[in-house]
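Let me begin by presenting the structure, written as structure tokens, before commenting on it.
The values are calculated or read from the model by the stated rules, or taken from the named source; none is laboratory data. All figures in this text were calculated on a predicted structure; none of them were measured in a lab. Here Cβ is always computed from backbone atoms with ideal geometry, including for glycine, and neighbour counts include all displayed protein chains. The area values use the complete protein model at the heavy-atom level, side chains included, leaving out ligands, DNA and RNA. Shrake-Rupley method; radii C 1.70, N 1.55, O 1.52, S 1.80 Å.
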Amino acid sequence: MAPIMHKIKGNEKFTLQILATGTHLVESFGYTYREIESDGFTIDEKVEIQMNTDTKVGICKTMGIAMIGISDALNRLLPDIIVVLGDRYEMLSVVSVATIMNIPIAHISGGDSTPNAVDDAIRHAITKMSILHFAFTEQYRNRIIQMGENPKRVFNVGALGVENAKNIKCLSKTEISSCLGININNKYILITYHPTTRSYGTAKSEIDNLLSALECYEEYYYIFTKANSDPEGGIINKSIQEFVCRHSGKAILVDSLGTELYMNVMRYADIVMGNSSSIIVEAPSFKIPIINIGERQKGRLKSSAIVNCKAEKTDICNAIEYILTDEYKRILDMSVNPFEGFETSDFIVREIRNFLERKNISCRKEFFDYARQ
């Protein structure tokens, strides 16, 4: 969101307000609200939502707590529009409150499809509550229209993550090594693995299969980032921490690398693997070997640079062996990122401004009957 935030902040027609919540305010996830502040922004509201659980019931309660805090925050801020990105359950609490308060919603990253994650249903719910839509691809734009949204308010803009990846400050390997405390001149694998939320109860076996596969490739260093706060995220983090302890000096687990450092670690990686959306959206822009593991990202558009495999040791090992082949290297060289856009953040800010400058701003919208067009 940083490119949009900078452009809004620098535009005299806007007043930027920032509401930070979720894992931004949690120590075990790196207190990443500090990254927002270090980028020169002022956070207007911090809404603590007690993210100290990774059970299904606990997360439902967290969503309720979030709605209470967000209601008070939006009542104080009284924005003309709110801009949200993605499909997280925390975001569903935000847009639910905004809908009841008749605050227009601009949604970034709708129209995607990930049927093996709860995020899929949440993403579509946010779409139906939003009035402006900024999709990553033309296929995603068409899905949003198919859901009854007016085509005049649905735009294919490309992914903000790709804009970040292309424009992020390039750090040297020496600078990165100093930040991480390991020598990244050695071959290394960057791994991010989250729970598959429609397959509750599989997190332990999936992460253990991944870690068991990595044991077969001891010539690499391993850089892990923490699993998110979805159900069973804590189980994944515990297994990774135990693995890191067994491979002291060869593996690290980081709460959060932050956007700049994460992109730079990705840029130089010999392999990027896991099931994070970042390996689907941003990683292909760096022309690096990518392995997508399991079912979490099933349904998304993918670059030909991405090798898909099951969350099983043998499949993961086979995928690693394949990306070392000349055949894969030829495919990687020819690959393109399907989420590349053109001036993504400029387009989004311009359309938000156009919407706000219209007379009689309203959240009212009629169902666009796609089948009858």
Descending principal axes extents, segment 224-368, alpha-carbon based, whole Å: 62, 38, 31
How many angstrom lie between the Cα centre of segment 288-320 and the Cα centre of segment 250-267? 20
For segment 112-177 versus segment 329-372, the gap between their alpha-carbon centres in whole angstrom: 8
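About the Cα centre of the chain, what is the dipole size in debye to 20, counting +1 per Lys and Arg Cβ and -1 per Asp and Glu Cβ, all else neutral? Numbers along the way, then the final one.
On the way: 42 positive and 46 negative charges, 180 e Å.
Its charge dipole is roughly 860 debye.
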Calculate the FRET efficiency for Thr325 and Ile65 from the Cβ-Cβ distance with a Förster distance of 51 Å, rounded to the nearest 0.05. 0.55
Size of electric dipole in segment 180-316: Cβ of Lys, Arg +1 and of Asp, Glu -1, about Cα centre, debye, nearest 20: 260
Hey, what angle do you get for helix 313-323 against the long axis of the chain, alpha-carbon based, 0 to 90 degrees rounded to 10? 90
Given segment 194-244 reduced to its alpha-carbon atoms as identical point scatterers, what log10 I(q)/I(0) does the Debye formula return at q = 0.19, 0.26, 0.27, 0.29 Å⁻¹? -0.60, -1.01, -1.06, -1.17
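What number, in percent, do you get for the relative contact order of segment 76-124 if the mean sequence gap of Cα pairs under 8 Å and at least 6 apart is divided by its residue count?
It comes to 43 percent, rounded to a whole number.
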With the contact rule set at Cα under 8 Å and sequence spacing of 6 or more, what percent relative contact order holds for the chain? 17
With a point put 7 Å past each Cα toward its Cβ, work out how far Glu366 is from Lys169 in nm, to one decimal. 5.1
Which listed residue (Leu77, Ile293, Ala203) has the Cα farthest towards the positive end of the charge dipole for the chain, taking +1 on Lys and Arg C-beta and -1 on Asp and Glu C-beta about the Cα centre? Leu77
Debye equation applied to the C-alpha atoms of the chain, log10 I(q)/I(0) at 0.11 Å⁻¹: -0.79
Round to the nearest 10 and give me the degree value, 0 to 90, for the angle of helix 56-77's Cα axis relative to the longest principal axis of the chain. 40
Label segment 111-266 by shape, choosing from rounded, prolate and oblate, from the square roots a ≥ b ≥ c of the eigenvalues of the Cα gyration tensor; if a/c is under 1.5 it is rounded, and otherwise prolate applies when a/b is larger than b/c, oblate when it is not. oblate
Would you mind computing, in nm to one decimal, how far apart the modelled labels at Asn354 and Asn185 are, each placed 7 Å from Cα along Cα→Cβ? 5.2
Length-normalised contact order of segment 254-343 in % [C-alpha pairs under 8 Å, at least 6 apart]: 25
In this structure, the FRET efficiency calculated for Thr314 and Thr99 from their beta-carbon separation, with R0 = 45 Å, to the nearest 0.05, is 0.45
What are the extents of the Cα atoms of segment 13-150 along their three principal axes, listed from largest to smallest and rounded to whole Å? 43, 39, 29
Once the Cβ-Cβ distance between Lys46 and Asp333 is put in as r, and R0 is 41 Å, what FRET efficiency do you end up with, to the nearest 0.05? 0.35
Over the chain, the sum of -39500 (n - 2.57) across DSSP H runs of at least four, divided by residue number and rounded to 500 deg cm²/dmol, gives at 222 nm -13000 deg cm²/dmol
Kindly sort Met101, Met334, Met147 by accessible area of their heavy atoms, largest first, with the probe set to 1.4 Å. Met334, Met101, Met147
Springs between alpha-carbon pairs under 10 angstrom, Gaussian network model over the chain: which of Ser362, Ser304, Ser212 fluctuates most? Ser362
Rounded to the nearest 20 debye, what is the charge dipole size of segment 231-285 about its Cα centre when +1 sits on each Lys and Arg Cβ and -1 on each Asp and Glu Cβ? 180
Going Cα to Cα from Lys226, which aspartates and glutamates come in below 14 Å? Please leave out same-chain ones fewer than 8 positions away. Glu27, Asp54, Glu242, Asp255
0 to 90° range, to nearest 10: angle between helix 119-129 axis and the chain longest Cα axis: 20
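Using a 1.4 angstrom probe with every protein chain in place, what is the largest-first accessible-area order of His6, His107, His194, His124?
The ordering from most to least exposed comes out as His6, His124, His194, His107.
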